[in-house]
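Sharing a structure with you now.
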Amino acid sequence: MKAMILAAGLGTRLRPLTDDRPKALVTVAGRTLLEIALARLRGFGVSEVIVNAHHYAEMIVDYLKANDNFGMQIEVSREDDLLDTGGGLKKAAHFFSGEQEPFIVHNVDVISTIDLGRMVRFHAEHAALVTLAVQSRATSRYLLFDSQELLCGRRAGPEVEAELVRSVTETQALAFCGIHVISPEIFAKMSEQGTFSIISAYMKLAAQGEKIIAYRADDCYWRDLGRPESIERAAQDSPLDSQ
């Protein structure tokens, strides 16, 4: 099974920790975010990974080489200009060429106990184009799903008017966990070029009737590691012991 780790961001929220390194190489309890993400993926049977890189990209290349790619087949997709999440994924399309089974996309700056194997099975059982791990929790940006838990819109905060791409009678606002399961045919369906957000692409695909579904992970541990204080908290969290 294959996966992509999104790691090209500048990590501005993590400064000063990212002043001299990419966010992928920031450490939590002595382990880098990249190592933690790779270990999680490897634990669920992923053997081939592509990692996108921009900020201090050469450091990521050298780090992986020094650690023998952690026993995996790893390719680094260098971005001379930041392509955002959607553009980064599309640039990596060659890595998934010819694949029939879905692949996982995982943000480098999140840790969780979400069962990725179960999520992949859920994706297959529902014949989805994209499955998104979500939780019912407070966030600054919500994804909106209908009664069948299909993506139908988004909202930037609780007081902001919702952006709906389909007509629905009611919606549920859920927080995205930065983990996707994607069917390879998505590349033929994304018309965007250059720099673009994957969530914006999902919105467009949902408007066209594509099946982008929620995978509820409400009972799972999850933490965004985008700020120094989150790194400190994560270092004290017992779920890290199983990463």
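The values are calculated or read from the model by the stated rules, or taken from the named source; none is laboratory data. Note that the structure is predicted; figures quoted are calculated from it, not measured. Methodologically, a virtual Cβ is constructed for each residue, glycine included, from the backbone with ideal geometry; neighbour enumeration extends over all protein chains shown. To get the accessible areas, we keep the full protein, side chains included, count just its heavy atoms, and leave off ligands, DNA and RNA. Shrake-Rupley method; radii C 1.70, N 1.55, O 1.52, S 1.80 Å.
Need pairs with beta-carbon distance below 7 Å; first residue in contact (Cβ under 8 Å) with a residue 60 or more places away in the chain and within region 3-21, second open to solvent by 80 Å² or more (accessible area, probe 1.4 Å) and not polar (S, T, N, Q); sequence gap 6+ or separate chains.
Every condition considered, the pairs that remain are ARG13/ARG227; LEU14/ARG227.
Okay, next question. Considering only region 1-79, give the strands (runs of 3 or more DSSP E) lying wholly within it that have at least 3 residues that are open to solvent by less than 30 Å² (accessible area, probe 1.4 Å).
By residue number, 2-6, 48-53.
Given the structure, is VAL130 open to solvent by less than 30 Å² (accessible area, probe 1.4 Å) and either without any contact (Cβ under 8 Å) to a residue 24 or more places away in the chain or among the β-branched types (Val, Ile, Thr) (or both)? Full working, then the answer.
Values: open to solvent by less than 30 Å² (accessible area, probe 1.4 Å): yes; either without any contact (Cβ under 8 Å) to a residue 24 or more places away in the chain or among the β-branched types (Val, Ile, Thr) (or both): yes.
Here the answer is yes, as VAL130 does meet what is asked.
Kindly indicate whether THR85 is under 13 Å from the mean Cα position of the chain (by Cα), open to solvent by 30 Å² or more (accessible area, probe 1.4 Å) and not acidic (Asp, Glu). Steps first, please.
Numbers: under 13 Å from the mean Cα position of the chain (by Cα): yes; open to solvent by 30 Å² or more (accessible area, probe 1.4 Å): yes; not acidic (Asp, Glu): yes.
For THR85, the condition - under 13 Å from the mean Cα position of the chain (by Cα), open to solvent by 30 Å² or more (accessible area, probe 1.4 Å) and not acidic (Asp, Glu) - is met.
Continuing with the same structure: Which pairs have Cβ atoms under 9 Å, sit 6 or more apart or on different chains, and link a residue in region 105-122 that is without any contact (Cβ under 8 Å) to a residue 40 or more places away in the chain to one that is buried (at least 21 other Cβ atoms within 10 Å of the Cβ)?
ARG118/TYR215
From the list GLU99, GLU58, GLU79, which one is charged (D, E, K, R) and at pLDDT below 95? It would help to see each step written out before you state the result.
Working: GLU58 fails: at pLDDT below 95; GLU79 fails: at pLDDT below 95.
Step by step, each of GLU99, GLU58, GLU79 is checked, and only GLU99 is charged (D, E, K, R) and at pLDDT below 95.
Next up: Looking at region 151-200, which of its residues are among the β-branched types (Val, Ile, Thr) and within 18 Å of PHE122 (Cα to Cα)?
We begin by selecting, within region 151-200, every residue among the β-branched types (Val, Ile, Thr); these are 160, 165, 168-169, 171, 179, 181-182, 186, 195, 198-199.
Hits for region 151-200 are ILE179, VAL181, ILE182, ILE186.
Still on this structure, please answer the following. Within region 140-167, work out how many residues are touching a residue at least 24 places away in the same chain (Cβ under 8 Å) and open to solvent by less than 50 Å² (accessible area, probe 1.4 Å).
11
Of the numbered conditions (1) in contact with a Leu (Cβ under 6 Å, 6 or more places away or on another chain); (2) of a type in the set (S, T, N, Q); (3) under 30 Å from ALA57 (Cα atoms), THR139 satisfies every one except a single condition; which is it?
(1)
So, restricting to helices (runs of 4 or more DSSP H) that lie completely within region 169-243, which ones have at least 2 residues that are acidic (Asp, Glu) and open to solvent by 30 Å² or more (accessible area, probe 1.4 Å)? Even if it seems obvious, please write down each step before you answer.
Numbers: elements: 186-189, 198-207, 228-236.
Hits in region 169-243: 228-236.
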